[in-house]
Amino acid sequence: MAGDLWKDVLASCRRAVVGYVLGCSFGILLGTLTGRIRLANRVLSPLGHVLRAFPPVAIVPLAITWFGLAETSKYFLVFWGVLFPVWIGTHAGMSHVAQTYVWAARSLGAKRQHLFAEVLLPASLTHVLAGMRVAIGICFICVFVAEMAGAYEGIGFRISTSYLVFRVDRMLAALIVLGGMGAISDQLFHFTTTRVFPWTQFNK
Amino acid sequence: MVDSKPVTNNAVGHIQVNSLTVRFQRAEGPVEVLDALSFTVLPGEFVCLLGTSGCGKSTILNALAGFISPTEGTIHLDGRVLNSPGPDRGMVFQKHALFPWMTVRRNVEFGLKMARISGELRRRVGQQFIDLVGLTGFENRYPAELSGGMEQRVGLARVLALDPLVLLMDEPFGSLDAQTRLLMQELLLRVWDETKKTVVFVTHDVDEAILLADRIIVLTARPAGIKEQIDVCLPRPRSSDLVTAHEFVSIKQHALKLIREESDFVFRAERG
C-alpha cells in the first residue's frame, strides 16, 4: 500500500508539472500577444473569454474523446485549467508596461527582439506570477478531476477507488496527501519567486 | 540663427531641427503640439528648452530621441536624418525610468549588454560610470532602495556609459527636493565639463536654465514655437552661488517676463 501511494503521488505530480508548464508557456505567449498587439487582442481575447467560461470538469468527456484515456487527456485538462489565469495575469501586466521602460530600452540600443525578455516580461512579472500562483490551485483541481474519470494511477484515482469500496480511511489519507501537495507547491512557488526576484517585493 | 543646410562633418553632436511640426490624433481631432520649430544646437553646447508646463517641451525631446516621428520637418544629427531611437542620444527621463528589476550595476550596464560588450570590459566601464556619479558601494541595490537623487544619478550613468554624442534631459531634477536638485545640477555641470557632450535640457525652472545653459530657448505656449533665445554669458565653472549675481538676476527678470506672458496667455485661454 505504501509503495502504491508513492506511485500515485508521483503520477499526479507528473501530470501536474507537465500540464502546468505547458499551460504557463502558452498563457504567457497568449498574454503577450493580446497585451501588446491590438489586433491580437481584438481577435483572440473574445475567443479566450468564451473558452475560459467552460469549467474544466465539463471538458473531461471531450478531452477523453479527443485524446483517449492515456496521459495526453490528463495533460490537456491541466493545461486547459492553467492556461487562462496565466493568460489573464500576463495580459494585465503586458498591457500596462510603462512606455518609459520601452523607450529607455530602445534608446539604450535594445532591438525589438530584445524587448520581450529584457523589458516586457520583467516589467509585467508581478502580474504573471500572480496568475501563475492562482493557476497552481487550479492545476491540482484539474489533476484530481482528470484522474477521477478514467485513470489507472494517481491520487484522484486512489480516492475514487477507495470510495467504491468505502474505505474512508484511505480516502482521507489520499485527500490529505492531495491537499498537502497543493499547499507545498504553493508555498514552494512563493518562496522561490520571492528569492529569485527580490525586487517584486518592493513597494515602489 | 537657423541653419537650414545640414552640416556633414564628423560625429560631434551637432543638432539641426528644421520646421519640426508634431500633431497628435485625438478623439476630438488633430492636436498641434509643435508648430514649425527650427533651431540648432552646436557641438558641445548646453541648451535649455524653457517653457510653461504642457507647452510641448517633452515632445521636442521625444522627437529628438526618435520616440515619436515628426509630422512635418526634419531633425539632423551631424548631417544624418534621425528617425529612430539610438544609443548616440542618451535620454535621462524625469522619473521612473530605471528598470526596477535590475540592480544599479545591471541598469548601468544595460546599454553595454545591448551593444554586446561582455565580461570584464562591461564590468569595468559600468563601474567607471557608477564611480563618476558617486554611487560606489550601491552597485547591488535595486532602484526602489535608492533616493530620488540617486535614481537620477543612475539614469545619468546609464546613458553616459554608452558615450553618446548628445544628452537629452527631460526635467531630470524636477521631482527632487531643492537641496538635492542643486547638488545634481552641480554634478551635471562637472560631468558636462569633463565630457563636453551636447546637452538639450528641458525645464520649466528659470533658475535651473540660467545656471546650466549656454543658451536658453524660451518656448511659447502650445503649440510650441520659439519665443526668444537668450544667450547666457555667465563665466564657468558655475556654482549655485551664482543665483545672487547681478548678471544672473537681470537674465532671470527677462526670462520670467517672457514665461509670465506665456502662462498668462494659457491661464486666460483656459478660463475662456
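What follows draws every value from the coordinates through simple rules; no lab data is involved. Bear in mind the structure is a predicted one, so any value in this text is a computation, not a measurement. Ideal geometry is used to build each Cβ from the backbone, glycine not excepted, and the neighbour counts take in all protein chains shown.
Brief remarks follow.
- Segment B:Arg116-B:His96, length gained on full extension (0.36 nm per residue, minus Cα span): 4.7 nm
- Chain A shape via C-alpha gyration tensor axes, a/c threshold 1.5: prolate
- The residues neighbouring B:Leu135, those whose beta-carbon lies less than 9 Å from its own, together hold a net charge of 0 under the Lys/Arg +1, Asp/Glu -1 convention.
- In order through the range B:69-78: 3J(HN,Hα) via Karplus (6.51 cos²θ - 1.76 cosθ + 1.60), integer Hz, x for Gly, Pro: 9, x, 5, 9, x, 9, 10, 10, 10, 6
- Taking amide hydrogens as placed 1.01 Å from N in the peptide plane, the amide H of B:Thr21 sits under 5 Å from those of B:Ala36, B:Leu37, B:Thr71, B:Glu72, B:Gly73, each at least 5 positions away in sequence or on another chain.
- The relative contact order of chain B comes to 24 percent, based on Cα pairs under 8 Å that sit 6 or more residues apart.
- Counting beta carbons within 10 Å around each of B:Glu109, B:Glu247 and listing the fewest first gives the order B:Glu247, B:Glu109.
- A crude spin-label estimate for the pair A:Arg195 and B:Val249, with each label 7 Å from Cα along the Cβ direction, gives 6.4 nm.
- Neighbour cut-off at most 11 other Cβ (10 Å), DSSP loop, chymotrypsin sites (Phe, Trp or Tyr not before Pro), the range B:44-101: none
- Annotation: amide H of B:Ala224 within the under-5 Å range of B:Leu34, B:Asp35, sequence separation 5 or more or interchain, hydrogens built in the peptide plane.
- Cα-based helix-to-principal-axis angle, B:246-270 vs chain B, degrees rounded to 10: 70 degrees
- Out-of-range pairs (alpha-carbon distance over 23 Å; input A:Lys7/A:Lys74; B:Lys227/B:Lys252; B:Lys95/B:Lys257): B:Lys95/B:Lys257
- Helical contribution to [θ] at 222 nm, DSSP H n ≥ 4, -39,500 (n - 2.57), averaged over chain B, rounded to 500: -11500 deg cm²/dmol
- Close amide H partners of B:Met91, meaning residues 5 or more places away or on another chain with modelled amide H under 5 Å apart, are B:Leu168.
- Backbone geometry of the range B:136-141 corresponds, through the Karplus equation with coefficients 6.51, -1.76 and 1.60 at θ = phi - 60°, to 3J(HN,Hα) couplings of 4, x, 10, 4, 9, 7 Hz, x marking Gly and Pro.
- For the protein assembly as shown, the fraction of C-alpha pairs farther apart than 41 angstrom is 37 percent.
- Helix runs (DSSP H) in chain A reaching 24 Å along axis by Cα, Kyte-Doolittle at least 0.0: A:2-36, A:71-94, A:125-148, A:168-196
- With both labels modelled 7 Å from their Cα along Cα-to-Cβ, the A:Cys13 to A:Arg112 distance reads 4.4 nm.
- Rg/Rh ratio calculated on Cα atoms of chain B (Kirkwood radius): 0.97
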